[in-house]
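Student: This is the structure, below, for whatever I ask next.
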Amino acid sequence: PGNAQARTIAEIVQRSRPDVLLINEFDHDAQGRAARLFQDNYLSQGQNGAAPIRYPYRYTAPSNTGIPSGHDLNNDGTVATTPGSDAYGQDAYGYGFFPGQYGMVVYSKHPIDLRGVRTFQKFRWKDMPGAVLPPGYYSDAELADLRLSSKSHWDVPVRIGRDTVHFLVSHPTPPTFDGAEDRNGRRNHDEIRLWADYVRPS
């Protein structure tokens, strides 16, 4: 308790009162402790006169951010292996100083079908039909490992009465912070296009 940014976000949620909510750039921990504490210490406590809000259901899972790729993805001649540096973040599957930084969490007033969740965290960019990979930028070895999602893509089924609504969530990389090869712009494009392809009738 006591974090000003968390209080502000909680107040926004309490005033808008969504049934289902995605929060991006929410650091992931394997036990889901941060997601629980945000509920207990902020959402369940009235902020600045707003009424508390309770989400009985939530989902979080690992993110590609801060996971070392073992490759020189920014082509600076070095594979960065020490967490906590910009170079490390540049060579991770998704930019982050440590595994789980800038992750995601879903809160819901309705039951989440946890067994039905689909995650595309490890889907490789090169396996996307028509991928707009930066020509000649990545080696074959890098392309064999490089994941499309800079964070992750989740299909989260939410049960509302007898119906199921699929909450499709992701947080594409910003289309900037790169060079003439436009690797982040191209990745952003394909991260967004993944959902367009996913919902297109076959």
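The values are calculated or read from the model by the stated rules, or taken from the named source; none is laboratory data. All values derive from a computational prediction rather than experimental measurement. Cβ placement follows ideal geometry from the backbone for every residue including glycine, while neighbour counts extend to all protein chains displayed. When the accessible area is computed, the model is the full protein with side chains, heavy atoms only, and any ligands, DNA or RNA have been set aside. Shrake-Rupley method; radii C 1.70, N 1.55, O 1.52, S 1.80 Å.
Student: On the accessible surface of the chain, probed at 1.4 Å, how many percent belong to carbon and sulfur atoms?
Tutor: On the way: 5490 of 10510 Å².
Answer for the chain is 52 percent, counting heavy atoms of protein chains only.
Student: Relative to the longest principal axis of the C-alpha atoms of the chain, give the angle of the C-alpha long axis of helix 4-16, reported between 0 and 90° and rounded to the nearest 10°.
Tutor: Value to nearest ten degrees: 60.
Student: Another one. When the helix-only estimate is applied to the chain (DSSP H runs of n ≥ 4, each -39,500 (n - 2.57), divided by the residue count), what is the mean residue ellipticity at 222 nm, nearest 500 deg cm²/dmol?
Tutor: -6500 deg cm²/dmol
Student: Further question: Taking the solvent-accessible surface of protein heavy atoms with a 1.4 Å probe, what is the per residue accessible area of region 137-176 in Å²?
Tutor: Per-residue value: 46 Å².
Student: Using 1/(1 + (r/R0)^6) with R0 = 41 angstrom and r between the beta carbons of residue 166 and residue 86, what's the FRET efficiency to the nearest 0.05?
Tutor: Taking R0 as 41 Å, the efficiency between residue 166 and residue 86 is 0.70.
Student: When the chain is fully extended, how far beyond the present Cα-Cα distance does residue 30 get from residue 6, taking 0.36 nm per residue of separation? Working shown, then result.
Tutor: Values: separation 24, 0.36 × 24 = 8.64 nm, distance 2.03 nm.
Contour length minus the Cα-Cα distance gives 6.6 nm.
Student: Modelling each spin label as a point 7 Å along the Cα-to-Cβ direction, I'd like the residue 41/residue 126 distance in nm, to one decimal.
Tutor: About 4.3 nm, to one decimal.
Student: Here's something else I'd like to know. Straight-line reach from residue 109: which lysines fall under 30 Å, measuring Cα to Cα and dropping same-chain residues less than 8 apart?
Tutor: The reachable lysines, counting only those whose Cα sits under 30 Å from residue 109, are 122, 151.
Student: Could you tell me which of 189, 144, 156 has its Cα farthest along the dipole of region 122-202 towards the positive end, charges placed at Cβ (Lys, Arg +1; Asp, Glu -1), taken about the Cα centre?
Tutor: Among 189, 144, 156, the one farthest towards the positive end of the dipole of region 122-202 is 156.
Student: Please report the base-10 log of the normalised intensity I(q)/I(0) for the chain, using a Debye sum with one equal scatterer per alpha carbon and no solvent, at each q in 0.10, 0.12, 0.16 (1/Å).
Tutor: Normalising to I(0) and taking log10 leaves -0.48, -0.67, -1.06.
Student: Roughly what angle does helix 183-199 make with the longest principal axis of the chain, taking Cα atoms, 0 to 90 degrees, to the nearest 10?
Tutor: Helix 183-199 sits at roughly 60 degrees to that axis.
Student: Please list, in chain and number order, the residues 5+ apart from residue 153 or on another chain whose amide H is under 5 Å from its amide H, with Hs placed from the backbone.
Tutor: Sorted by chain and number, the residues that satisfy this are 120, 121.
Student: For region 88-202, what is the charge dipole size about the Cα centre, in debye to the nearest 20, if Lys and Arg each add +1 at the Cβ and Asp and Glu each add -1 at the Cβ?
Tutor: Dipole size: approximately 560 debye.
Student: Could you give the length gained by full extension between residue 196 and residue 145, i.e. 0.36 nm per residue of separation minus their alpha carbon distance, to one decimal place?
Tutor: Using 0.36 nm per residue and subtracting the Cα-Cα distance, I get 16.0 nm.
Student: Next question, about the same structure. Quick check: with the 1.4 Å probe, what order do 155, 163 take by accessible area, largest first?
Tutor: Greatest to least solvent exposure: 163, 155.
Student: Oh, and also: With label points built 7 Å along Cα→Cβ from the Cα atoms of residue 119 and residue 16, find their separation and express it in nm.
Tutor: In this crude label model, residue 119 to residue 16 measures out at 2.4 nm.
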